[in-house]
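Single-structure report; data block below.
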Amino acid sequence: MEFKDKIILITGAGSGIGKVTALSFAEAGGIVVVSDINEAGGQATVDEITAAGGKSIFVKADVASYSDVENLINETVKQFGRLDIAVNNAGIGGSLGKFADTTPEMWDKVMAVNSTGVFYCMKFELQQMMKQGGGAIVNIASVAGLRGLPNNGAYVASKHAVVGMTKTAAMEYARQNIRINAICPVFTVTALFNPVQMDQFSKGISEKLKKNIPIKRFAEPIEIANNILWLSSEKASFVTGLAMSIDGGLTA
């Protein structure tokens with residue numbers, strides 16, 4: 001029960017990495033605020049947590065909306081009085097294609113969710129954590145935030161932004177007892193990354209991607225969640241400003 005009675009907020013927790021992370025925190029005793037733009041998915045995560053004896057609520061929010069994010073943090077504090085851990089996980093992939101073929105509309109959409117959404121969340125999370133004397137934030141970036149990834153320029157740009165925001169904020173708030181880190185996963189099998197859909201875009205691409213990973217497979221959501229929990233825990237009490245690769249050796 002490492003996170004017993006800790007108040008934990010997770011965006012994009014209606015599916016994939018966010019959902020598995022929410023379930024893992026709840027299993028470890030945390031009280032989880034599940035947020036997602038998808039109300040059905042978010043409520044399903046809450047139902048699974050409560051069915052297992054945990055405590056959780058759902059707050060719908062579009063992280064690209066300033067007012068939604070402000071309401072999300074306000075509701076969390078209204079319900080529980082504080083915010084101990086925030087996992088800024090909500091994100092989208094965007095359309096695959098060459099950089100010059102990326103439309104302004106797609107660029108704006110990806111940046112709004114993946115970059116501006118993280119900024120909005122961090123802004124309000126930091127304000128609350130400063131009031132209460134500390135906390136931990138984990139942003140979900142990607143190996144695409146550490147290197148190039150052909151045919152996904154907007155996504156790569158958005159995740160580089162997440163890494164940069166993480167490092168800058170970590171330096172700014174270290175003396176306020178707020179630790180801020182980022183997770184940089186390799187391709188993880190979720191609704192966002194579906195190998196079958198990838199092969200429809202380019203035949204055999206999933207196998208090519210897998211061959212570039214020294215471990216020769218894609219990540220599973222629980223492998224990402226385990227590291228999010230570690231970074232959020234007292235075991236990582238001296239860790240801040242880290243962009244942690246969880247990539248099977250890809251960036252080695």
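The values are calculated or read from the model by the stated rules, or taken from the named source; none is laboratory data. Everything numeric here is computed off the predicted structure, so don't read it as measured data. Methodologically, a virtual Cβ is constructed for each residue, glycine included, from the backbone with ideal geometry; neighbour enumeration extends over all protein chains shown.
Would you mind stating whether residue 87 is aliphatic (A, V, I, L, M), surrounded by 17 or more Cβ atoms within 10 Å (Cβ to Cβ) and not in a strand (DSSP E or B)?
No, not satisfied.
Do you know which residues across segment 51-79 are buried (at least 20 other Cβ atoms within 10 Å of the Cβ) and of a type outside the set (Val, Ile, Thr)?
Those that are buried (at least 20 other Cβ atoms within 10 Å of the Cβ) and of a type outside the set (Val, Ile, Thr): 56, 58, 61, 64, 72.
Every residue in segment 227-238 that is surrounded by 14 or more Cβ atoms within 10 Å (Cβ to Cβ) and assigned to a helix (DSSP H, G or I), please.
Once the filter is applied, which keeps residues that are surrounded by 14 or more Cβ atoms within 10 Å (Cβ to Cβ) and assigned to a helix (DSSP H, G or I), segment 227-238 yields 227, 228, 229, 230, 231, 232, 236.
Here is a check on your reading of the model: is residue 78 among the basic types (Lys, Arg) and without any contact (Cβ under 8 Å) to a residue 24 or more places away in the chain?
When the stated conditions are applied, residue 78 passes them.
Considering segment 6-29 alone, what residues qualify as being part of a loop (DSSP other than H, G, I, E, B) and either polar (S, T, N, Q) or at pLDDT below 95 (or both)?
Answer for segment 6-29, where residues must be part of a loop (DSSP other than H, G, I, E, B) and either polar (S, T, N, Q) or at pLDDT below 95 (or both): just 15.
Does residue 115 satisfy the criteria of being free of Cβ contacts under 8 Å to residues at least 40 places away in the same chain and closer than 23 Å to residue 41 by Cα?
no
Restricted to segment 181-207, and to residues that are of a type in the set (S, T, N, Q) and under 15 Å from residue 143 (Cα atoms), which residue is modelled with the highest pLDDT?
First, pick out the residues of segment 181-207 that are of a type in the set (S, T, N, Q): 181, 188, 190, 194, 197, 200, 202, 206.
Next cut, under 15 Å from residue 143 (Cα atoms) only: 181, 188.
Details: 181: 98, 188: 82.
Filtering first and then ranking leaves 181.
Just to be sure I understand the filter: pairs with C-beta atoms under 9 Å, separated by 6 or more residues or on different chains, first member in segment 8-37 and over 22 Å from residue 71 (Cβ atoms), second member among the acidic types (Asp, Glu). Which pairs pass?
Cβ pairs passing all conditions: 20/220; 23/48; 26/48; 28/2; 29/2; 29/5.
Being touching a Ser or Thr at 6+ places or on another chain (Cβ under 9 Å) and in contact (Cβ under 8 Å) with a residue 24 or more places away in the chain is the filter; apply it to segment 208-222 and report the residue that is farthest from residue 136 (Cα to Cα).
Per the criteria, the residue is 218.
From the list 178, 228, which one is at pLDDT 95 or above, touching a strand residue (DSSP E or B) at 6+ places or on another chain (Cβ under 7 Å) and closer than 21 Å to residue 114 by Cα?
228
Go through segment 133-169 and report how many residues are in contact (Cβ under 8 Å) with a residue 60 or more places away in the chain and either assigned to a strand (DSSP E or B) or surrounded by fewer than 21 Cβ atoms within 10 Å (Cβ to Cβ) (or both).
7
Give me a count of the residues in segment 151-193 that are more than 26 Å from residue 19 (Cβ to Cβ) and either hydroxyl-bearing (Ser, Thr, Tyr) or in contact with a Leu (Cβ under 6 Å, 6 or more places away or on another chain) (or both).
The total comes to 3.
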